[in-house]
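One structure is given below, encoded as structure tokens.
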Amino acid sequence: MTARIMTKRTLTDATVTGRRELAHHAWLIELEVELEAPVRAGQFAMVHPLEAGTLLPRPFSVLDHRDGRLKLYVKEVGAGSRALAHTPLGERVQVFAPLGRSFPIEEFRGRPVVLVAGGVGLVPLWKLRSELLASGEEVPHSLFGARTIEELPGELLEGWRIHLEEAPPSAPSGEGSSTMSAGGGLPTAPTGSGLPTAPAGGEVEVGLVTLHLDEILREQPDAVLALCGPDAMMKAAARIGRQRGVQVWVCLEEQMACGAGVCRSCTIPAAGGRTMKTVCQDGPVFSLDEIDYV
Amino acid sequence: MSEARSSGSASNPPLDPSQVDLRVTIGGVELPNPVFTASGAWGYGLEYLDLVDPARLGAVVTKTITVLPRKGNPQPRLRELPTGLLNSIGLENVGLGAFVRDKLPRLARHEVRTVVSLAGRREEEFAEMIGELSHHEGWVGVELNLSCPNVAEGGLDFGTDPRLVESITRRARAVLPDGKCLLVKLTPNNVPMATLARAAEAGGAHAISCINTVVGMEIDLDARRPVFPRGIAGYSGVGIKPIALAKVWEASHAVDIPVVGIGGIATVRDVLEFFVAGASAVQVGTALFARPDRAHRLIEELAAELAARGVRRPAELRAGD
Ligand SMILES: Cc1cc2nc3c(=O)[nH]c(=O)nc-3n(C[C@H](O)[C@H](O)[C@H](O)COP(=O)(O)OP(=O)(O)OC[C@H]3O[C@@H](n4cnc5c(N)ncnc54)[C@H](O)[C@@H]3O)c2cc1C
Ligand SMILES: Cc1cc2nc3c(=O)[nH]c(=O)nc-3n(C[C@H](O)[C@H](O)[C@H](O)COP(=O)(O)O)c2cc1C
Ligand code: FES
């Protein structure tokens, strides 16, 4: 098992320098902030809008951090995420980062990495994919699942195979079609909605993101499977991975207060169920054999 | 006391912050300032070494320790409300053995003034745990947690019976090594604070910690049942400050030993208000989750704020009767 690397954390105020809606109610937020340690894929930040925010900060995975710019992709689901998504440019938010344990990228070297992401679970896996590609590794399969076409953050999906649960209204092959090849024309958001279209070159299919996973893993017995997304999706994918005997890593979410292993509010049972692990510090990235998950 | 109470009027000329004396003494233990971290809000005092120096705090009160490790309660454990938190952590902790082996030596090395929060399942267990602690360095006192609403056994049951509060305190005091202080943390629920505070004082407590969380509940309307599996949970944060102030007032009028005020403290103004209500020191809990360096900031702000008000010592702020 990989030892946890304790990185030096930074607690500071950051300035909002960018905000752009990439998908329906989901924003790319850029913060100007110097962190004392590099951020690795899977690590997160506790972010607290200082004005009109919630009592507690909220955890968000780091999409990217370089040159003093921290990028987050924030979906509005409640008061905290809404406050962050709507913090005006130039205003300040409190940032505590980097937190948690990252994907053990060294262990992935030379092995085919299969990524399965859903919703904002894209964020840590997007970073993992870009770190792997940057170091010359291959990422043969990057699968992204969303419910509707409006949930697609177009510019983040280059190189991802997209699975939609609901056929888009403007599906080129007409109603009731279950698959669309990228060559056959990409679905676009309803005109006038101002929402992004699926990226050129991406492949889009209607059906669950786990549809072909078993097939993929059968052909790649030495694969590493990395998962982040809604619980039901991760559990389904993790079961398939376990049945195929491949190594499975999951990036989990839990309600957090401190983000630092202190309040014990984000605990889950460790494998065997006798002890607890914190999602914020022992995770959020776990190997399937560390926890009681599926 | 009466001398201190009569001074400190609002019209004092300002002082230089260096003239302010923040020291506070509890049971013969002198602490450099009256701002502590509350139990359960700052771990074992070692979790933020990369950010701040825990030795600058008046004291660190640890997460409550039990004889054996505890896993705590199932999820959900914590809910955020507009005015505070509801928690049902259930005293998850590493247990006394691991605490003295792994934490105390490090706390000693970092020269942290550690107050070890203790909870027992039996009356005698508190004293037994102090007996074990007395073989080790790295702590200045203990805080008996007689007030946790989140465990089925012990906790609140002990803490609402004044006779048990007194006898547990007495047994603990009997085995407490010289030079250590004994704090007793009381519940705001069910029993008048004055009754509990007098019981703790009669048992030999050096100070009263006041208050632990207020019993509360959140309802899942769709499911038509409480959100927490145990039903009740512990309410903390800004919303309980008025309750805490009233309980500190009550306790400080009932006993002669110092009262440590806890509940919803987030700003230096809050700290001053607790001094006015009769507290000799304060603990910061919930507010540390959003800013783990908040207690450190409060210590700095406190000296400046007292100086600006021309107040030399926090005790001068205490209201007359
Ligand atoms: C390690 C970690 C990394 C995360 N990374 C990201 C990220 O990169 N981008 C991002 O947008 N979010 C991310 N999240 C989730 C994010 O923290 C929550 O969405 C946020 O805390 C919700 O706070 P709120 O105040 O907006 O909503 P709340 O008021 O707390 O919740 C509002 C409603 O939304 C529900 N809800 C809460 N969380 C979610 C969720 N994740 N999805 C759907 N419904 C939810 C709640 O049950 C509630 O009904 C991450 C969470 C963790 C633990
Ligand atoms: C998550 C959490 C865990 C807590 N754990 C303990 C504990 O282990 N022992 C204890 O005596 N009090 C515990 N408390 C209570 C606090 O120490 C404090 O008495 C209470 O929260 C009121 O102060 P606050 O409003 O500043 O948080 C806990 C509180 C919270 C919010
Ligand atoms: S969020 Fe506090 S322990 Fe994980």
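The values are calculated or read from the model by the stated rules, or taken from the named source; none is laboratory data. Since this is a predicted model, take the numbers as computed values, not measurements. Every residue, glycine among them, receives a Cβ derived from its backbone with ideal geometry; neighbour counts consider all protein chains shown. Please note that ligands, DNA and RNA were not included when accessible areas were found on the heavy atoms of the full protein model with its side chains. Shrake-Rupley method; radii C 1.70, N 1.55, O 1.52, S 1.80 Å.
Before moving on, here are some points about what is shown:
- When the stretch A:1-20 is limited to residues that are modelled with pLDDT of 95 or more and more than 14 Å from every other protein chain (Cβ to nearest Cβ), the one that is farthest from A:Val93 (Cα to Cα) turns out to be A:Arg20.
- Taking the stretch A:249-284 as the range and being open to solvent by 20 Å² or more (accessible area, probe 1.4 Å), at positive phi and more than 10 Å from ligand 3 (Cβ to nearest atom) as the test, only A:Gly272 passes.
- Listed by position, the strands (runs of 3 or more DSSP E) inside the stretch B:1-119 whose residues that are at pLDDT 95 or above, out of contact with any His (no Cβ under 8 Å at 6 or more places or on another chain) and within 14 Å of chain A (Cβ to nearest Cβ) number at least 3 are B:78-81, B:84-87.
- Filter result (under 15 Å from B:Thr213 (Cα atoms) and under 19 Å from the mean Cα position of the chain (by Cα)) within the stretch B:54-95: B:Lys63, B:Thr64, B:Gly84, B:Leu85, B:Leu86, B:Asn87, B:Ser88, B:Ile89, B:Gly90, B:Leu91
- Filtered residues of the stretch B:96-144 (kept if within 23 Å of B:Leu196 (Cα to Cα), under 21 Å from the mean Cα position of the chain (by Cα) and among the basic types (Lys, Arg)): B:Arg121
- Listed by position, the strands (runs of 3 or more DSSP E) inside the stretch A:82-147 whose residues that are within 14 Å of chain B (Cβ to nearest Cβ) number at least 2 are A:92-99.
- Filtered by the rule that a residue be over 19 Å from A:Arg129 (Cα atoms) and either crowded, with 23+ Cβ neighbours inside 10 Å or away from chain B (no Cβ under 14 Å) (or both), the stretch A:54-68 gives A:Leu56, A:Pro57, A:Arg58, A:Pro59, A:Asp67, A:Gly68.
- A:Pro38, sole failed condition from (1) open to solvent by 20 Å² or more (accessible area, probe 1.4 Å); (2) within 18 Å of A:Gly229 (Cα to Cα); (3) away from chain B (no Cβ under 14 Å): (2)
- Top-ranked residue of the stretch A:285-294 - restricted to ones that are open to solvent by less than 20 Å² (accessible area, probe 1.4 Å) and among the β-branched types (Val, Ile, Thr), ranked as nearest to ligand 2 (Cβ to nearest atom): A:Ile291
- Strands (runs of 3 or more DSSP E) contained in the stretch A:220-294 and holding at least 2 residues more than 9 Å from chain B (Cβ to nearest Cβ): A:224-228, A:247-251, A:276-278, A:285-287
- Scanning the stretch B:120-135 for residues that are open to solvent by 20 Å² or more (accessible area, probe 1.4 Å) and not in a helix (DSSP H, G or I) yields B:Arg121, B:Arg122, B:Glu123, B:Glu124, B:Ser134, B:His135.
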